[in-house]
1. Are there trypsin sites (Lys or Arg not before Pro) in the stretch 51-101 that DSSP puts in a loop and that have at most 16 other Cβ atoms within 10 Å, and which ones?
2. Let me have the relative contact order for the stretch 30-141, percent, based on Cα pairs under 8 Å that are six or more residues apart.
3. Determine, for Leu85, Leu53, Leu152, Leu166, the number of other Cβ atoms within 10 Å of each Cβ, and report the residues in order from fewest to most.
4. Which of Ile59, Ile94 comes first, and how do the rest follow, when ranked by fewest Cβ neighbours within 10 Å?
Amino acid sequence: MRRREFIALLGSSVAGWPLAARAQRPSIPVIGFLDATTAIETVYRVSAFRDGLKEAGFIDGHNVAIEFRWAENKFDRLPALAADLAQRQVAVIIGPNTAMRAVRTATSTIPIVFVSGGDPIESGVTNLSRPGGNIFGVSFASTALEPKRLGLLHELVPPPSTIVWLRDPRDPGFEGREKRCRPPHANSGVNF
């Protein structure tokens, strides 16, 4: 009788090994991706992002997971989406500059990586040469240089000229930019 009990016990424990092994398997890191626009508008960025991850050895669904959040061009949704990612305790939150202000408010511990055509200072980076904190990234342009760019454009275009600068007023970083972006020759034929 003891022999049968021993075999039954051994058999049940062997059957449970795959479950125990799966339970001890480390979970894969989760990357939060937050964008103020829509999934359709970011297809090229998401594709490039996945390609970059793949080149680094990370494959979505295999050894990393990506949680996507889009505000659908409703900037007021960004804080809730950022808070959701922070609550999920993702390993890192990635996105463009427009979304990072909301992420900065949602977490001070999760690393935040931005890629931007705007001003990283407006997203919470305190020092461009030594960002510090949990925010870092790449900026392709800075609003601090916009007045210089407009001044150069004015020099290239024969006067009188009108330069139209299109900005999205719903962009959280929009406020005050039009005042800072007056070119040095604002009174010499450039109309805003």
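1. Counting only loop positions with at most 16 other Cβ atoms within 10 Å, the trypsin sites (Lys or Arg not before Pro) in the stretch 51-101 are Lys74, Arg88.
2. Working: 190 pairs, mean separation 28.9, N = 112.
Result for the stretch 30-141 is 26 percent.
3. Leu166, Leu152, Leu53, Leu85
4. Ile59, Ile94
A short reminder: the numbers here are calculations on the coordinates, not readings from a lab. Just so it is clear, the structure is predicted and the values come from calculations on it, not from any experiment. So basically every Cβ, Gly included, is an ideal-geometry build from the backbone, and we count neighbours across all protein chains shown.
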